[in-house]
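Heads up, the thing below is written out as structure tokens.
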Amino acid sequence: MRFKIQACLVQVVVSGLFLWQRPAATQQIKPYRVLLVISNQWKDPASFLVSGGGEFQTLVTLFKSWGVPFDILRLDQVILDPGQFADFQGRARYGAIVWDADAETTLSPDDDLLLREAVEKLRISLIALGDRIQQPEIQRLLGLRYRSEHMHSSHALVAGDSFVLRGLGPDLHQQGPPTIAKQRVQAEAVGASVLATAGGLPQITERDLGNGTRAIWIGGDIDQLLLYQPMRTALRRSIVEAIGYALIKTWTNNVVLTMDDMGNAQNAWLEHWHYPALTEGQIRQFMIEPLKAHHAILSLNIVPGFVDDAARRIVPTWKQQFTDQFGTKQDYVSTKKGLDEGIAEGVLEIESHGWTHMQPDLTSPPGPWWGAPIEDERAEVGWYREFYDVRRNREIPAAEQKFHMQQSRDWIKAEFGTEPLEFSTGGNGVSRSWANNTWRIAAEVGYGYYGGYLGKDLAVEGRADSTADFGGTDDVPLLLPALPDGHDRGIAHDPEGFAKVFDLHPHCDFIGLDEYIGYQHATLMTSAGASERLKMTVEYDPHYCRALRAKGSTWNFEVSDWLRSELRSQQLWVDGKSSGAVDQETKMVTLAPGLAPHVIELR
Ligand SMILES: [Zn+2]
């Protein structure tokens, strides 16, 4: 028995070695997937919520926004293992490693060997960022020698032509925050080519390890380097250079218009936020018509539940018609007709602004809110916040938040026939502890976006204020609160103000949030392990990607110089149709609507 087990083990080891030492094919195509290696930057020990800022959160945000498939390896919890780099058959699982493990991370001789084999034998390319180059094996692979890091006023400047920096520069610290000085990593190139320098020192380097394997370093201040557009583009192009190709989404000149509050109770009950709900006629004339004229979409964060003061319960908003205590006629039935019209015209998208825009507990002290005089407790804005108890200055418990998020989703679906994909809280009231984290709970309920990214795999805590990190760059659409003030209130006071946004952004495409969410959740895959032929699939998730299912999608298929020269005889095929030779850096790939998976291949 014992002998048998050992014999089996020997066999496994021998076949493993055989695969490990397989002779190289000249045109080995790497898998389109990145392994992001970090040290202790993921603050959530349960590996779900990405928050707290920093380059790790930025990388996750960018990868989701670009559509780059990735896994995260956190070295504060996980031991390096060959299975992280090679699949069941011993082939590379990734096209590139993005190394973001800090100076505290030390590698054992076994770890060094694993990384060396991952890069040199499995041919997984390596991209290291900022000062994350302090492990001797990482330096050896990059062809660098790390010296130190000190403040310096210099900017990174392009030094000659390279694929990674083509079209950028000369100054790579543009389109970002102005600074007097930043941390500059001091390293010496020993085998790497220098693509950019800062104050005469190498700052972006590339080493060709042969067989299509690259080791690229994007240096600079780790806390700041990705705040500059050219550096983000350099990172994106590094992924193309490292893997040889990429299917990427970029967002130049894309605007997502959002507007909060339709259906909220504040306009009827909160003295300083008082106005009449918009009517069908106002919605048609001042919103739908200008949206149609500009082929634009407006994403509305609406509130489907309304406080019925007489019954002391939450009732459907869109059935309410009454004259409020200020003497203003409130007609939410008319509002709903306008919304339905805009949805039918394809210019309005319905998203969630919670269930009620109100405290779940409207009864206990300092309340009750129910039945209180209009200029007493009802005048306190804290009552009108749903996901953080602003009136009592405490978090809303997780189960209560979850119930409200589910009610919002279910009531919106009952009224409009579709589930909201975006979630945003009233008045930016959010709970941030891990147990009660509003982003984490919204992701669990099935929402796909709240300022960052929400999914079943992880949640990125975005900004709560209706904008987005890197919004309005090549990397993330501009999330723009609709004029005049991001709320239906603005239109009630200044109906003509809404359409002015189109004059302010004349050359932009006004896409909806559903479209951005769809791209973030599309699944891009190459068949497991490297192969001789480039073949990848794109799938639209039936829940999150409904905008792509309805409209199709467009991507940039990018190919590095080195792989393009090897693929000269091949053509790009999209869903069985030829798109011609791969003779440029970028080819636009358009994928049809519907739920069938798409196939992109070179043959
Ligand atoms: Zn609101």
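Can you tell me which residue within segment 152-166, out of those that are out of contact with any Asp or Glu (no Cβ under 9 Å at 6 or more places or on another chain) and open to solvent by 40 Å² or more (accessible area, probe 1.4 Å), is farthest from E120 (Cα to Cα)?
So the first thing to find is which residues in segment 152-166 are out of contact with any Asp or Glu (no Cβ under 9 Å at 6 or more places or on another chain), and the list is 152-154, 159-161, 165.
Filter once more, so that each one left must be open to solvent by 40 Å² or more (accessible area, probe 1.4 Å): 152-153, 159-161.
Numbers: H152: 35, S153: 36, A159: 27, G160: 27, D161: 26 Å.
Among them, the one singled out is S153.
With respect to the conditions (1) surrounded by fewer than 16 Cβ atoms within 10 Å (Cβ to Cβ); (2) in contact with a Pro (Cβ under 6 Å, 6 or more places away or on another chain); (3) of a type outside the set (K, R); (4) farther than 24 Å from L595 by Cβ, E496 lacks only one, and its number is (2). Collect the residues in segment 385-441 that are part of a loop (DSSP other than H, G, I, E, B), aliphatic (A, V, I, L, M), within 16 Å of the ligand (Cβ to nearest atom) and open to solvent by less than 30 Å² (accessible area, probe 1.4 Å), keeping them in residue-number order. Scanning segment 385-441 gives I396, V430.
Each row is one residue, and each column tells you yes or no for (1) closer than 17 Å to R232 by Cβ; (2) among the hydrophobic types (A, V, I, L, M, F, W, C); (3) without any contact (Cβ under 8 Å) to a residue 40 or more places away in the chain.
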site: D111; (1), (2), (3): no, no, yes
site: Q134; (1), (2), (3): no, no, yes
site: I138; (1), (2), (3): no, yes, yes
site: A181; (1), (2), (3): no, yes, yes
site: R184; (1), (2), (3): no, no, yes
site: G191; (1), (2), (3): no, no, no
site: G199; (1), (2), (3): no, no, no
site: I216; (1), (2), (3): yes, yes, no
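The set of residues in segment 30-56 being aromatic (F, W, Y) and open to solvent by 10 Å² or more (accessible area, probe 1.4 Å) consists of W42, F48. Within the bounds of segment 282-298, is there any residue that is within 35 Å of the chain's Cα centre (by Cα), over 25 Å from T418 (Cβ atoms) and among the hydrophobic types (A, V, I, L, M, F, W, C)? No, that holds for no residue.
Determine whether R533 is closer than 21 Å to A468 by Cβ, in contact (Cβ under 8 Å) with a residue 24 or more places away in the chain and open to solvent by 40 Å² or more (accessible area, probe 1.4 Å). Steps first, please.
Numbers: closer than 21 Å to A468 by Cβ: no; in contact (Cβ under 8 Å) with a residue 24 or more places away in the chain: yes; open to solvent by 40 Å² or more (accessible area, probe 1.4 Å): yes.
Here the answer is no, as R533 does not meet what is asked.
No other residue among L298, L270 is open to solvent by less than 10 Å² (accessible area, probe 1.4 Å) and within 14 Å of the ligand (Cβ to nearest atom) apart from L270.
Scanning segment 333-351 for residues that are within 16 Å of the ligand (Cβ to nearest atom) and within 17 Å of G518 (Cβ to Cβ) turns up I350, E351.
Taking the listed residues W411, W439, W434, the one that is touching a residue at least 24 places away in the same chain (Cβ under 8 Å) and more than 23 Å from the chain's Cα centre (by Cα) is W411, with no other qualifying. Any idea which of E104, E137 is among the charged types (D, E, K, R) and assigned to a loop (DSSP other than H, G, I, E, B)? Only one candidate qualifies: E104.
The values are calculated or read from the model by the stated rules, or taken from the named source; none is laboratory data. Just so you know, these numbers come straight off a predicted model, no measurement behind them. In this analysis, Cβ positions are derived from the backbone assuming ideal geometry, glycine residues included, and neighbour counts consider all displayed protein chains. These area figures cover heavy atoms from the full protein model, side chains too; ligands, DNA and RNA do not enter into them. Shrake-Rupley method; radii C 1.70, N 1.55, O 1.52, S 1.80 Å.
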